[in-house]
Every structure is written in structure tokens, then in C-alpha cells.
1. Is it the case that some residue within segment 270-290 is modelled with pLDDT under 85, aliphatic (A, V, I, L, M) and at negative phi?
2. Applying the selection to segment 350-385, what residues are among the hydrophobic types (A, V, I, L, M, F, W, C) and assigned to a helix (DSSP H, G or I)?
3. Is it fair to say Thr39 is of a type in the set (Ser, Thr, Tyr), touching a Phe, Trp or Tyr at 6+ places or on another chain (Cβ under 7 Å) and at pLDDT below 90?
4. Would you check which residues across segment 239-253 are at pLDDT below 80 and either more than 30 Å from Val57 (Cβ to Cβ) or not in a strand (DSSP E or B) (or both) and list them?
5. Quick one: which of Pro99, Pro79 is in the same structural domain as Glu22 (by TED's automatic domain parsing), in contact (Cβ under 8 Å) with a residue 12 or more places away in the chain and assigned to a loop (DSSP other than H, G, I, E, B)?
6. I'm told Leu341 meets every condition in (1) closer than 18 Å to Leu270 by Cβ; (2) of a type in the set (A, V, I, L, M); (3) part of a strand (DSSP E or B) except one. Can you identify the failing condition by its number?
7. Quick check, is Leu69 in a strand (DSSP E or B) and either of a type in the set (Ser, Thr, Tyr) or in contact (Cβ under 8 Å) with a residue 12 or more places away in the chain (or both)?
8. Only one residue in Tyr318, Tyr368, Tyr311 is closer than 24 Å to Arg200 by Cβ and either without any contact (Cβ under 8 Å) to a residue 40 or more places away in the chain or surrounded by fewer than 18 Cβ atoms within 10 Å (Cβ to Cβ) (or both), so which one is that?
Amino acid sequence: MHPNTVRERCLIGKEKAGVVEEVGIGRIKDHRLAFTVSTPNWGGPVGDIVFEPNFYVYGFLYKIDERALHLLDEAEFVPEHQYYTRNELPIEIVEKENPFNVIDRQTAITYQVIESNRKPEKPPHPKYIQRLIEGAEIRELPRQYVNSLKSMDASIHGAETGHFLGLPTKNRGKDFKMPIIQLSSDNIKKLKIKKFAFVRFGEKTCVAKVRTDDTLISKGGVCRIDESIRRALGFPVLEPGIEFYGGFISIFPAPNSSEPNQLIPARFLLLRMVKVDYLDCEKRIVVMDESLMAILGIEKGDYVQINGIVYDNRTGTYKNKNIQRRAFTGSTKNRREGGELRPYPEEGVVHLDLDAREELGFDKYIEYYPLYVAASTKDLLLGRFVFYILVIVGILVGIQQSVAPLFVSFIEHPDKTTKEIYGLIFSTTISILIGIAIAWNDVARKVKP
């Protein structure tokens, strides 16, 4: 891809140099860039193209003669069958100004690592990735693709320090729409991760729930992150879920104490944070879908506790903040966004206004950051306070009716009714405990995990 590399290998200082004609920017669909082999001329991990659905690899296409092809084969060690082999793949030739506009399709020769020679993936050799970035910038490849290459250059320490190539998640199942990261069991053990992990890309960090995916064991320094995490981190992507290139991220353990901590342990959800509609701004409420409210065991107007973990890149510490807000289903059923109507509230998200974001310590522009949301059991208990008082009063009235004669008897015959007085104290204590149990159960059966 780099013009200097092409000159060195095919045109300069070679006897009977080849003929090279530049064609333009090309991309290969359903493949991604990987670093699966080390060659003698670089002494570290270098490039490969591997199959991966919905990924794209960008590069530059040339038309060359047999002599130039022979010289490239020598440079890639093809005759020795040690590293690379030639494969023909369909190539889309795209416009420089608009990489979505395909102007031609060709079948072209690519160099891929021989399957038996592929090693677990690692971050690339620093000088090698720098060469790729320079070539991509000279050829004016899409900005997002160049940013993806630059993220690979920033992570040069290897998987043992928590640097991984982030791919989209697969086989979500019950974790559908939950902000998760998938790692092999080996890497989870190596990084000492339990339930949650911090994921960092550039200057942004967010939390994710960790899931094991042992299909990644053979891939080494590769993980999978879902779309909400990619968006929260500002991952390079042209069309979310369609055109994706990957990028290197840092992963390190997050504390398990990040879950809501309450007197009655409440069922909680890990939801993505999205801004509210303008009709619900400055109302000090959160907006959620009715199905999520039902799962949490709350009704419209009940309070929820929202926990957010904010990681401080400067100090390397986290802050666990929480706020209480009343939950509603919103002032409208649809809202206009990006020129089209979208359902409101969205599924699998919690809509927060600017005040709530600032109280939690988030930047006002951040979107899709995962938050823990649970019913506020303290507020549920307080909201039913009158009912619980009536329950306890009713129990005490029943006691009073049953033991009033004891007091009359005690006045007339004090010695004979001492045992009955002890019984009264015991039954009163039991009655109060029963009232507390009723209150506890009334809330717990709605919100308990």
C-alpha cells in the first residue's frame, strides 16, 4: 500500500524490474486485518487478512506484470511456503471521496498467512503498523479506517497487560442488548477479572459485564464487545453494525461493588444511557420502557436508584455514584432523530436528562454508557408507609382487645397476672415483627432478584 514499499520491491535496484500501474482504493468485504505471524524482515507480528463477517479491509489496488508479481512473491516468502501464500479474493474499487460508492469490482491477488503458520493474534510490530498508517494516509483511505489503524499502534504491549483487538459480539442469547464484553477463560483468569471489567479506548473508559467465550482461545489477544460499548467509547465505525474494522482496547478489572447496595437487595438491570426527549428535559425524571419497569417491579412514578461507575484516567481510580429519580414512560411515543421517527422510550435503555448525567459525573455528550438501574427499596417502603402503619395498628388493636381483661385482672389480683403481662410483652413484640415482615415481603416479592 505504501508507494515507497512498492518501489523498493518491484521497481528500484531490481534487474528487469516489473511494471506497476496504480488503479485506486479497494476494499475486501467480510475480512479483517489481523496480525498472526512474525517474519524475519520485521521481527514482530505483521499483517494478515482473515475471514470475519461484516468487516472490511481497505487497501490500494495495482495492476502489475508477471515480473513484478514474482518479485512480490520473493518479498513475502511465498516460494519457501513459510509465511504467506497467494489467494484471489473479490475486491470492490471505491471512490476516494465517497468510500461507500463502488465504481468497479475485480478479482485480485492478496497475500494471506498460510493457515498452518498462523499464531494467536498479538498487537503489530510498532514500525510495521506505522508503515501501514503512513501508506493509508498517503492513499487517503477513509478517516475511520485510518483511526482504527492508529488504535492498533497505540497498543504495543501485548495481551498480558490487557490490550486486545475488539471485535463485535456473537451468540448473545440471554445477553441480548446488555453491555457485555466476551473474553476467553484464559484471559479472564490472567487479568483477574470477576463479573465486570473496564474497557478503555483512547481517552474514554466504560464498564461492561464479562462473559466467557472460549472460541477466542485460539485467537490470543482478541475480545468481543457489543455495539453499545463500541458507541460509548467512540469506536471507529462507518455504519454501525455494517462496516467495521476493529481497534485495540485496554481491559482491566472493575469492582463488583458497583452493583446497587440496598437494605432489600433489588433486581437490577445494566442499561445503556441515552438522552431524554426535549419534552422530558428538566423534569428530574428518568424515562424507561414499561417492560423494563415491570422487570424491576416498579410502577409509573416509583423511584429508581441509578448507579454509575466513572473511571478517572488521571488517578487510575473509579468513583461509584448513585442518584434517585422517579421513573415514567415519557411524554411521547415517538421522537424525531436523524430525520426519522424512532420509538420512545427505546428498548434496553434508560433516558437521562443533563442534570442526571452531571450528578453522575458524566460528560453531557456521552451516550450509551452502561448504568445499573434498580428499584429504590427505601422509597418503595416510604411510599407505602401509611399502609404499613395501618397494618401494625390493626395488629395492636387486636392485641389490645384480647389482653385488655388482663389489665383489669392485674389491678385486682397483681400476683396472679404477672405471667400474663410477660405474655402481653411477648405477643406485642411478635406483632411488631410480623408487621415488619409484612412490609419487607410486600416490597421484596416485587423487586427481589
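The values are calculated or read from the model by the stated rules, or taken from the named source; none is laboratory data. Just so it is clear, the model here is predicted, and its values are computed rather than measured. When we count neighbours, we look across all protein chains shown, and the Cβ atoms used for this are built from the backbone with ideal geometry, even at glycine.
1. The answer is yes; a qualifying residue exists.
2. Leu354, Ala356, Leu360, Leu380, Leu381, Leu382, Phe385
3. yes
4. Listed by number, the residues that qualify are Pro240, Gly241, Ile242, Tyr245, Gly246.
5. Of the residues listed, the single one that is in the same structural domain as Glu22 (by TED's automatic domain parsing), in contact (Cβ under 8 Å) with a residue 12 or more places away in the chain and assigned to a loop (DSSP other than H, G, I, E, B) is Pro99.
6. Only one criterion is unmet by Leu341, namely (1).
7. no
8. Values: Tyr368 fails: either without any contact (Cβ under 8 Å) to a residue 40 or more places away in the chain or surrounded by fewer than 18 Cβ atoms within 10 Å (Cβ to Cβ) (or both); Tyr311 fails: either without any contact (Cβ under 8 Å) to a residue 40 or more places away in the chain or surrounded by fewer than 18 Cβ atoms within 10 Å (Cβ to Cβ) (or both).
Answer to the check: Tyr318.
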